[in-house]
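One structure is given below, encoded as structure tokens.
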């Protein structure tokens with residue numbers, strides 16, 4: 001099956017209102033900026049549930065979709081950098097499920113690994129544990145967290161080949177590999193799309209079996225949130 | 001009374017050779033500037049890096065290389081990148097020996113609150129709940145009182161909790177305290193701060209045994 005699509009519009013074909021999307025990235029680092037922008041240009045796609053560690057900033061990343069009111073619910077661990085997000089959440093327009101970061105990552109990994117739920121100590125004794133089963137193992141308390149899958153997972157990689165194998169760069173890896181695993185359909189946007197054989201099999205992070213569509217994006221902005229330097 | 005940098009400097013004295021350490025945002029981040037000579041610690045950044053280096057030069061800045069505070073950083077010889085699931089695997093499994101983080105409230109049972117003020121501020125817990133549920137040593141770095149002058153060391157946290165029975169030590173602008181057996185135990189006081197002042201600023205149960213030395 002041919003995985004390479006000719007552009008971002010073909011890549012996001014089939015994304016519909018009411019669907020659940022996973023979007024890779026930590027802050028603005030490693031986000032699939034081309035696909036997010038393309039979805040924001042299709043305002044008829046609404047009521048999305050977006051699973052993403054963060055919610056972008058007001059004028060970049062998922063902030064575009066928030067501004068257009070395309071998101072009904074966010075599942076995230078940290079949402080501090082976005083005023084529009086905060087406004088929609090406090091006014092009740094936007095449903096928010098805050099999940100500990102490690103649990104969120106494991107929910108995606110488990111979802112992509114065929115494991116429906118798992119026990120974790122994170123959040124025991126807090127609001128996060130409300131309504132969840134608890135159990136003691138070796139004297140320590142754990143809560144049962146259910147895994148997540150998506151209708152579409154959208155990830156950003158540094159390099160990919162036409163068979164869908166992916167290599168990520170530096171800390172832009174973050175949630176991308178686990179979300180790639182958990183998509184019914186996984187879309188990968190990459191900076192460099194190469195032929196099979198050009199990536200060293202020893203160094204591939206995400207095996208192509210998890211990726212259904214792939215394309216090369218142009219002119220990545222890669223916006224920096226906190227530009228800290230030593231000089 | 002200690003400045004933020006002095007709190008960080010005091011916490012750095014707790015580091016042990018060979019430890020993997022996770023530093024939270026704010027005062028904890030500053031601890032990296034005061035790692036004692038001869039102590040080799042590896043900084044874990046939960047977005048997916050072991051071996052965090054200093055800030056880059058303007059010329060070498062890389063948007064794909066950030067820490068958990070979303071600041072641009074560098075790597076060190078021997079650094080390694082990994083995904084978010086591996087990152088929290090090492091945290092949950094106790095491979096990270098020390099977590100240093102900030103707090104809005106800590107109580108005498110070691111409960112901590114630092115992620116939400118109902119109706120006012122909801123930024124999310126990020127990785128804090130995973131970290132406090134897992135690390136063997138959890139040091140809180142914070143001011144002893146809030147902006148309104150109220151104690152942040154309570155008998156019971158009033159804000160939504162981040163974790164229960166997890167904080168082992170607190171370093172504030174006034175004192176170093178240990179939490180055990182349902183009480184704060186005063187270990188050291190900041191230069192120029194009296195035991196009476198610390199008592200007055202601590203709402204929870206405070207145990208004071210013998211002479212309390214100045215901070216090391």
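The values are calculated or read from the model by the stated rules, or taken from the named source; none is laboratory data. Treat the numbers as computed from the prediction; the structure is a model and nothing was measured. Cβ sites come from the backbone with ideal geometry, for glycine too, and all protein chains shown count toward neighbours.
Summary table
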| quantity | calculated |
| --- | --- |
| Selected residue (only one of A:157, A:180, A:188 is closer than 30 Å to residue B:73 by Cβ and away from chain B (no Cβ under 14 Å)) | A:188 |
| Complete set of residues in region A:192-230 that are within 19 Å of the chain's Cα centre (by Cα) and either surrounded by 24 or more Cβ atoms within 10 Å (Cβ to Cβ) or facing another protein chain (nearest Cβ under 10 Å) (or both) | A:205, A:206, A:211, A:214, A:220, A:221, A:222, A:223, A:224, A:225 |
| Check on residue A:185, on the phi < 0 side of the Ramachandran plot, modelled with pLDDT of 95 or more, surrounded by 24 or more Cβ atoms within 10 Å (Cβ to Cβ) and under 17 Å from the mean Cα position of the chain (by Cα) | no |
| Residues of region B:137-160 that turn out to be closer than 17 Å to residue B:111 by Cβ, within 13 Å of the chain's Cα centre (by Cα) and part of a loop (DSSP other than H, G, I, E, B), as a count | 1 |
| Any hit, region A:111-118, residues being over 18 Å from the mean Cα position of the chain (by Cα), within 12 Å of chain B (Cβ to nearest Cβ) and not in a loop (DSSP other than H, G, I, E, B) | yes |
| Condition met for residue A:91 (in contact with a strand residue (DSSP E or B) (Cβ under 7 Å, 6 or more places away or on another chain) and either at pLDDT below 95 or facing chain B (nearest Cβ under 8 Å) (or both)) | no |
| Of residues in region A:160-174 being within 9 Å of residue A:208 (Cβ to Cβ) and not in a loop (DSSP other than H, G, I, E, B), the one nearest to the chain's Cα centre (by Cα) | A:166 |
| Conditions (1) within 11 Å of chain B (Cβ to nearest Cβ); (2) touching a residue at least 60 places away in the same chain (Cβ under 8 Å); (3) in contact with a helix residue (DSSP H, G or I) (Cβ under 7 Å, 6 or more places away or on another chain): number failed by residue A:123 | (2) |
| Single residue of region A:40-83 satisfying the filter (part of a helix (DSSP H, G or I) and away from chain B (no Cβ under 14 Å)) that is surrounded by the most Cβ atoms within 10 Å (Cβ to Cβ) | A:66 |
| Options B:164, B:193; residue that is surrounded by 17 or more Cβ atoms within 10 Å (Cβ to Cβ), touching a residue at least 12 places away in the same chain (Cβ under 8 Å), closer than 26 Å to residue B:117 by Cβ and out of contact with any strand residue (DSSP E or B) (no Cβ under 6 Å at 6 or more places or on another chain) | B:164 |
| Residue tally, condition within 7 Å of chain A (Cβ to nearest Cβ) and either touching a residue at least 40 places away in the same chain (Cβ under 8 Å) or crowded, with 20+ Cβ neighbours inside 10 Å (or both), over region B:37-55 | 4 |
| The lone exception for residue B:15 - which of (1) in contact with a strand residue (DSSP E or B) (Cβ under 8 Å, 6 or more places away or on another chain); (2) surrounded by fewer than 18 Cβ atoms within 10 Å (Cβ to Cβ); (3) in contact (Cβ under 8 Å) with a residue 24 or more places away in the chain it fails | (2) |
| Filter pass, residue B:64 being within 12 Å of chain A (Cβ to nearest Cβ) and assigned to a helix (DSSP H, G or I) | no |
| Failed condition for residue A:100, given (1) exposed (fewer than 14 other Cβ atoms within 10 Å of the Cβ); (2) under 24 Å from residue B:82 (Cβ atoms); (3) within 11 Å of another protein chain (Cβ to nearest Cβ) | (1) |
| Residue B:26, sole failed condition from (1) modelled with pLDDT under 95; (2) within 12 Å of another protein chain (Cβ to nearest Cβ) | (2) |
| When residues of region B:88-115 are limited to those that are surrounded by 24 or more Cβ atoms within 10 Å (Cβ to Cβ) and at the interface with chain A (Cβ under 7 Å from one of its Cβ atoms), the one farthest from residue A:158 (Cα to Cα) | B:91 |
| Scope region B:116-133; condition surrounded by fewer than 24 Cβ atoms within 10 Å (Cβ to Cβ) and either within 7 Å of chain A (Cβ to nearest Cβ) or out of contact with any strand residue (DSSP E or B) (no Cβ under 7 Å at 6 or more places or on another chain) (or both); matching residues | B:117, B:118, B:119, B:120, B:121, B:122, B:123, B:124 |
